[in-house]
Amino acid sequence: MSARSFFDIDVRSFFPYCENMGDLYKRTARGFTLIELLVVMGIIIVLVAIVLVAVSPGRQFSQANNTKRRSDVVAILNAVQQYVVDNHGVLPAGITASAKTIEKAGGIDLCASLVTTYLAALPVDPLTNSGTLVSDCTSSYNTNYTILKSAADSRITVAAPAAELSATISATQ
């Protein structure tokens, strides 16, 4: 019996289930089935939906707007308090026991009393703001914030009535 070389080995002994090498190629070269692809796509769609609900861009914007409103309300209240201290307890004109909007026409015009001395510019609600603050007191403006003085204890309250996500935003001193 002669010695066999590596190339003399019958391939079918390694792959006994294949009748010929063509069958071996067919079994190893096939792709995913339609069912496998649909299952994977379904899983990906469910994961994307969960991420979108968790992130919720609309809710994020609303929360950011409310954060700006809280900051604006506190800034206006602090400016009014500084005005009161500098003017020996006298409030800016027009602040009453009923809530009025801080605006040029129809509300309380605080711009001339507060801007440049106590605030660089009056803050405006993010939904009505076009990206600019009120620094020109001669032109018409509407901050969409309200202010009032409590009749019972003379405390000043500044509020943001346009708060989103059912939030109540106000500051009192």
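Below is a table of values for the structure above.
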item: 1 or more residues farther than 24 Å from Asn65 by Cβ and touching a strand residue (DSSP E or B) at 6+ places or on another chain (Cβ under 6 Å): qualifying strands (runs of 3 or more DSSP E) within the stretch 90-163; result: 142-149
item: Within the stretch 128-161, tally of residues that are buried (at least 16 other Cβ atoms within 10 Å of the Cβ), over 19 Å from Gly94 (Cα atoms) and of a type in the set (Gly, Ala, Ser); result: 0
item: Tally, over the stretch 49-73, of residues that are loosely packed, with under 15 Cβ neighbours inside 10 Å and either at pLDDT 95 or above or among the charged types (D, E, K, R) (or both); result: 3
item: Residues being part of a loop (DSSP other than H, G, I, E, B) and either among the charged types (D, E, K, R) or surrounded by 16 or more Cβ atoms within 10 Å (Cβ to Cβ) (or both) - total across the stretch 164-173; result: 1
item: Selection status of Ala105, assigned by TED's automatic domain parsing to the domain that holds Arg69, under 32 Å from the mean Cα position of the chain (by Cα) and modelled with pLDDT of 95 or more; result: no
item: Residue under evaluation Arg12, criteria (1) modelled with pLDDT of 60 or more; (2) surrounded by 12 or more Cβ atoms within 10 Å (Cβ to Cβ); (3) more than 30 Å from Asn142 (Cβ to Cβ), criterion not met; result: (1)
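The values are calculated or read from the model by the stated rules, or taken from the named source; none is laboratory data. Treat the numbers as computed from the prediction; the structure is a model and nothing was measured. Note: ideal-geometry Cβ built from the backbone for every residue, glycine included; neighbour counts use all protein chains shown.
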